[in-house]
1. Along the positive direction of the dipole of the chain (beta-carbon charges: Lys, Arg +1; Asp, Glu -1; about the Cα centre), which of N67, I44, Y7 reaches farthest?
2. What's the magnitude of the charge dipole for region 3-68 around its Cα centre, counting Lys and Arg as +1 and Asp and Glu as -1 at the beta-carbon? Answer in Debye, nearest 20.
3. Testing the spin-label approximation: label points 7 Å from Cα along Cα→Cβ at T8 and R65. State their distance in nm.
4. Under 5 Å between amide H atoms, partner at least 5 residues away or on a different chain: which partners does I44 have, H built in plane at 1.01 Å?
5. Averaged over every viewing direction, what's the projected area of the C-alpha convex hull for the chain? Give it in nm², one decimal, please.
Amino acid sequence: MSVNIPYTKKEMQIIKAIHSIEPSAIFSIKCLIKNRINYKYGGIRFLNCDPIPYEHVIEKINDERRNK
């Protein structure tokens, strides 16, 4: 039996990082996010706030990795 996972591990890290940076952020994921280009150019659409820069998201992901 297989389990359907809606997001990749990288996408889940990005989602968690966005929520830890801006807990009230509402956003939608429009396509597969593999790299910075996908993130910046249409991969994520922020609905109620200004877009969070990719660099901030990656810094947050790296901080979480270091804390584990």
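Just so you know, all these numbers are worked out from the coordinates, no wet-lab data involved. Keep in mind the model is a prediction, meaning the values are calculated, not measured. No Cβ is skipped: glycine too gets one built from the backbone with ideal geometry, and neighbour counts run over all protein chains shown.
1. Y7
2. That gives a dipole near 320 debye.
3. In this crude label model, T8 to R65 measures out at 1.5 nm.
4. For I44, the qualifying residues are K30.
5. Orientation-averaged projected area of the Cα hull: 5.4 nm².
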